[in-house]
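Below: the structure, in structure tokens.
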Amino acid sequence: MSEVKLAAEPRTEFGKGAARRIRRESKVPAVVYGHGAEPVHITLPGHELLLALRTPNVLLSLDIEGKAQLAIPKAVQRDAIKGFLEHVDLLLVRSGEKVNVEVYVHTEGDLAPGAYLLEHVLSTLTVEAEATHIPESVTVSIEGLEAGASILAKDIPLPAGTTLAIDEDAVVLQVLAAQAEEASEEAAGTAEVGSEA
């Protein structure tokens, strides 16, 4: 797991106008909370934060007025059209502390030959991991699976020190038979008959 160091500045101005001014300076308003402490409002460098957030569950080492604190992203707000960062909520963590996070589920291998579709019922898996050792993702093999096969949460191998934080019998992936073309042709024929009337 990567750790990214960012210099944070305390923030004393609040509201939409202040947030716009902060973003014009290529910075992002953020709030750091956790461990029963009062939330701390800060400003982070926009470009560096954007690059850091490309890594899922990145561990941020924040320098807040000379004091180093570890945090992980909990909520990221982006502009719906332009995609720039509008605001970030960060959760304080300590080395050795366990946290619940979502990790992406990646697949490897190929389904059995035939007209099969792989449905991702869950694209992420909620796991409990040590804050400084959060996996970026988990990988499971789908090699040779046929229609009707499913992979449950408990079937996915997890890194050492990581445990499931959801029902172990939750379906994560399932293999479906592709719809037959005949059925779609029949539907098209029905539509044509209806249009003649």
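Identify the residue in the range 103-118 that is open to solvent by 70 Å² or more (accessible area, probe 1.4 Å) and in contact (Cβ under 8 Å) with a residue 24 or more places away in the chain and, among all such residues, is nearest to the chain's Cα centre (by Cα). Please lay out each step first, then the result.
Taking the range 103-118 and keeping what is open to solvent by 70 Å² or more (accessible area, probe 1.4 Å), we get 104, 106, 108, 110, 113, 117.
From the residues that got through so far, the ones that are in contact (Cβ under 8 Å) with a residue 24 or more places away in the chain too are 104, 106, 108, 110, 117.
Numbers: 104: 6, 106: 12, 108: 19, 110: 24, 117: 23 Å.
My answer is 104.
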Criterion (modelled with pLDDT under 85 and surrounded by 11 or more Cβ atoms within 10 Å (Cβ to Cβ)) met by exactly one of 30, 18, 7, 37: 18
Inside the range 78-90, can you point out the residues that are modelled with pLDDT of 90 or more and not β-branched (Val, Ile, Thr)? 89, 90
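Here's the yes/no breakdown for (1) under 16 Å from the mean Cα position of the chain (by Cα); (2) among the acidic types (Asp, Glu); (3) surrounded by fewer than 12 Cβ atoms within 10 Å (Cβ to Cβ); (4) not in a strand (DSSP E or B):
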site: 62; (1), (2), (3), (4): no, no, no, no
site: 69; (1), (2), (3), (4): no, no, no, no
site: 73; (1), (2), (3), (4): yes, no, no, no
site: 76; (1), (2), (3), (4): yes, no, no, no
site: 81; (1), (2), (3), (4): no, no, yes, yes
site: 90; (1), (2), (3), (4): yes, no, no, no
Scanning the range 102-134 residue by residue, the ones that are closer than 26 Å to residue 163 by Cβ and either assigned to a loop (DSSP other than H, G, I, E, B) or out of contact with any Phe, Trp or Tyr (no Cβ under 9 Å at 6 or more places or on another chain) (or both) total 23
Out of (1) of a type outside the set (A, V, I, L, M); (2) farther than 30 Å from residue 157 by Cβ; (3) more than 16 Å from the chain's Cα centre (by Cα); (4) open to solvent by 40 Å² or more (accessible area, probe 1.4 Å), the one residue 46 does not meet is (4)
Taking the range 141-175 and keeping residues crowded, with 17+ Cβ neighbours inside 10 Å and farther than 20 Å from residue 100 by Cβ leaves 142, 145, 151, 173, 174, 175
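Looking only at residues in the range 92-102 that are β-branched (Val, Ile, Thr) and under 15 Å from residue 136 (Cβ atoms), which one is surrounded by the fewest Cβ atoms within 10 Å (Cβ to Cβ)?
In the first step, residues of the range 92-102 are kept if they are β-branched (Val, Ile, Thr); the result is 93, 99, 101.
Next cut, under 15 Å from residue 136 (Cβ atoms) only: 99, 101.
On the way: 99: 19, 101: 21.
Among them, the one singled out is 99.
Scan the range 119-136 residue by residue and report those that are open to solvent by less than 50 Å² (accessible area, probe 1.4 Å) and modelled with pLDDT under 90. Outline the logic, then answer.
Restricting attention to the range 119-136, the residues satisfying the condition of being open to solvent by less than 50 Å² (accessible area, probe 1.4 Å) are 124-127, 129, 131-132, 134-135.
Residues satisfying the conditions are 131, 132, 134, 135.
The values are calculated or read from the model by the stated rules, or taken from the named source; none is laboratory data. Quantities reported herein were computed from a predicted structural model and do not represent experimental measurements. Counting neighbours? That spans all protein chains shown, and the Cβs are built from the backbone with ideal geometry, glycine included. When the accessible area is computed, the model is the full protein with side chains, heavy atoms only, and any ligands, DNA or RNA have been set aside. Shrake-Rupley method; radii C 1.70, N 1.55, O 1.52, S 1.80 Å.
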